[in-house]
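Here the structure comes first, spelled out in structure tokens, and everything after it is commentary.
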Amino acid sequence: MHELSIASAVVEKVLGFAQVRDIKKILSVRLAVGELSAVEPEQLRFCYTAITQQTAMEDSVLEIETVEVVVRCPRCSYRGPPKYWSDALSAAPIPTLECPTCGWAVEPAEGNDCAIKSVKFI
Amino acid sequence: MIQTIEASPDEIYDIELEHSLLEANATLARKNRALLDSYGVTAIDVMGAIGSGKTTLVGQLIKRLKDRFRVAVFNGDATTSNDADLIAGQGVPVVQIATVNGCHLDANLVGRALQKISLEGLRMILIENIGNLICPAEFPLGSKARVVVVSVTEGQYMVRKHPQMFLGANLVVVNKVDLAAAMDVNVDSLTRDVHRLKPDITVIPTSCRTGLGLEEVTATLLAA
């Protein structure tokens, strides 16, 4: 349940931000969650709702946007979407670190972070 | 009672924040790494599911390393010290990191453990993470290599079920291969799954019971 750690980090950051600016009410928080980060949006929402109660973030909307994976290949210089493993019996195709063009091992360039993009408040 | 505040559009502020939630841990991990590097210590993060054989593997590696180098073990465990006691029996320094309810080690806890031992003259620290094949992937500790232990007793599809863990690993140990036939698990196919996710990663089949592959794991970690 690292979603609770992530939700706590969101709340800590946003409440700190609100306190400094004397903001009484947070309306929404937008997160960018990388496709490669092992964060489950539904669990994150559940934790967020639970720990924002009786704070300036109570009833605020948690918006989660997915950041798609971008990989770069050190051999053929490919940069773009990863090769997906689609018949792995999983609910969704799994992004892999195999270069879609030359088969070499690629590095993830985007899509492995989890960040607060913006905060809406009154 | 629920009170609702409705703001008119001109009252709403939208601030771009761009604050990474994983960065706090990543920063501490870099700090740990810099400290370890300054003493020439290689830290290895050993991850894997509950019951995959992490403690036994760490014990076997320590047996092969302790007479040649000064080594230490950090033992992540939610509550008990059983595993730490087992390793300490080999006469190497052990720090138990009790996470209580935490499901993974993080760079802060490892940083605190690093204060507990003398790094002078130390060659390697094996960090046994909490038994979990999901959460530790998000939390680098400052180690030079991340090892994932997956055992045949977990079934044929553990790799594709937990791709994130393997994508971030530097070495995969397929453990308990002496039980592969009994479990009806194909080790080659497990290995192929790992390479499908990450073509360049080293995969070593092991058995802590027969000793198969343990020298190779030791040599790979020493070269990390």
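The values are calculated or read from the model by the stated rules, or taken from the named source; none is laboratory data. Keep in mind that this is a model prediction, so the values were computed, not measured. Counting neighbours? That spans all protein chains shown, and the Cβs are built from the backbone with ideal geometry, glycine included.
Would you check if B:ILE130 is in contact with a strand residue (DSSP E or B) (Cβ under 6 Å, 6 or more places away or on another chain) and away from every other protein chain (no Cβ under 14 Å)?
The answer is no for B:ILE130.
Please go through the stretch A:91-115 and pick out each residue that is surrounded by fewer than 17 Cβ atoms within 10 Å (Cβ to Cβ) and touching a strand residue (DSSP E or B) at 6+ places or on another chain (Cβ under 6 Å).
Passing the criteria: A:PRO93, A:GLU107, A:ALA109, A:GLU110.
With the checklist (1) assigned to a loop (DSSP other than H, G, I, E, B); (2) of a type in the set (S, T, N, Q); (3) at the interface with another protein chain (Cβ under 7 Å from one of its Cβ atoms) in hand, flag the one item A:THR55 doesn't pass.
(3)
Please state which of the following conditions B:ASN82 fails to meet, knowing it meets all the rest: (1) closer than 28 Å to B:GLN164 by Cα; (2) without any contact (Cβ under 8 Å) to a residue 12 or more places away in the chain; (3) touching a Ser or Thr at 6+ places or on another chain (Cβ under 9 Å).
(1)
All but one of (1) surrounded by fewer than 16 Cβ atoms within 10 Å (Cβ to Cβ); (2) touching a residue at least 60 places away in the same chain (Cβ under 8 Å) hold for B:ILE62, so report the exception by its number.
All conditions are met except number (1).
Sort out which residues of the stretch B:121-135 are aliphatic (A, V, I, L, M), in contact with a helix residue (DSSP H, G or I) (Cβ under 8 Å, 6 or more places away or on another chain) and touching a residue at least 40 places away in the same chain (Cβ under 8 Å), and write them in order of number.
B:MET124, B:ILE125, B:LEU126, B:ILE127, B:ILE130, B:LEU133
Is there a residue being at pLDDT 95 or above and among the hydroxyl-bearing types (Ser, Thr, Tyr) anywhere in the stretch A:98-105?
The answer is yes; a qualifying residue exists.
Here are some residues: B:LYS144, B:LYS116. Which one is without any contact (Cβ under 8 Å) to a residue 40 or more places away in the chain, away from chain A (no Cβ under 14 Å) and either basic (Lys, Arg) or touching a strand residue (DSSP E or B) at 6+ places or on another chain (Cβ under 6 Å) (or both)?
Exactly one of B:LYS144, B:LYS116 is without any contact (Cβ under 8 Å) to a residue 40 or more places away in the chain, away from chain A (no Cβ under 14 Å) and either basic (Lys, Arg) or touching a strand residue (DSSP E or B) at 6+ places or on another chain (Cβ under 6 Å) (or both), namely B:LYS116.
From the residues in the stretch B:153-168 that are of a type in the set (A, V, I, L, M) and in contact with a Pro (Cβ under 9 Å, 6 or more places away or on another chain), which one is surrounded by the most Cβ atoms within 10 Å (Cβ to Cβ)?
B:MET165
Assuming B:VAL73 fulfils every condition listed in (1) within 14 Å of another protein chain (Cβ to nearest Cβ); (2) buried (at least 20 other Cβ atoms within 10 Å of the Cβ) apart from one, which condition is it?
Exception for B:VAL73: condition (1).
Here is a yes/no grid of residues against (1) closer than 30 Å to A:TYR48 by Cβ; (2) in contact with a helix residue (DSSP H, G or I) (Cβ under 6 Å, 6 or more places away or on another chain); (3) free of Cβ contacts under 8 Å to residues at least 24 places away in the same chain; (4) not charged (D, E, K, R):
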{"site": "A:ILE64", "(1), (2), (3), (4)": "yes, yes, no, yes"}
{"site": "A:VAL70", "(1), (2), (3), (4)": "yes, no, no, yes"}
{"site": "A:CYS73", "(1), (2), (3), (4)": "no, no, no, yes"}
{"site": "A:PRO82", "(1), (2), (3), (4)": "yes, no, no, yes"}
{"site": "A:THR101", "(1), (2), (3), (4)": "no, no, no, yes"}
{"site": "A:TRP104", "(1), (2), (3), (4)": "no, no, no, yes"}
{"site": "A:GLU110", "(1), (2), (3), (4)": "yes, no, no, no"}
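Of everything in the stretch A:6-22, what is crowded, with 17+ Cβ neighbours inside 10 Å, under 17 Å from B:PHE139 (Cβ atoms) and more than 8 Å from chain B (Cβ to nearest Cβ)? Give them in sequence order.
A:ALA7
Out of curiosity, is A:LEU31 modelled with pLDDT of 90 or more, among the hydrophobic types (A, V, I, L, M, F, W, C) and part of a helix (DSSP H, G or I)? It would help to see each step written out before you state the result.
Details: modelled with pLDDT of 90 or more: yes; among the hydrophobic types (A, V, I, L, M, F, W, C): yes; part of a helix (DSSP H, G or I): no.
Spelling it out, it is not the case that A:LEU31 is modelled with pLDDT of 90 or more, among the hydrophobic types (A, V, I, L, M, F, W, C) and part of a helix (DSSP H, G or I).
Would a scan of the stretch A:23-46 turn up a residue that is away from chain B (no Cβ under 11 Å) and either surrounded by 18 or more Cβ atoms within 10 Å (Cβ to Cβ) or more than 30 Å from A:TYR84 (Cβ to Cβ) (or both)?
For the stretch A:23-46, residues away from chain B (no Cβ under 11 Å) and either surrounded by 18 or more Cβ atoms within 10 Å (Cβ to Cβ) or more than 30 Å from A:TYR84 (Cβ to Cβ) (or both): absent.
In the stretch B:65-79, how many are more than 24 Å from B:GLU216 (Cβ to Cβ) and either part of a strand (DSSP E or B) or touching a helix residue (DSSP H, G or I) at 6+ places or on another chain (Cβ under 8 Å) (or both)? I'd like the intermediate steps shown before the answer.
The initial filter retains those residues of the stretch B:65-79 that are more than 24 Å from B:GLU216 (Cβ to Cβ), namely B:76-79.
Narrowing the set further to residues that are either part of a strand (DSSP E or B) or touching a helix residue (DSSP H, G or I) at 6+ places or on another chain (Cβ under 8 Å) (or both) leaves B:76-77.
So the answer is 2.
A:LEU44 - would you say it is touching a helix residue (DSSP H, G or I) at 6+ places or on another chain (Cβ under 7 Å), at pLDDT below 95 and over 28 Å from B:VAL100 (Cβ atoms)?
no
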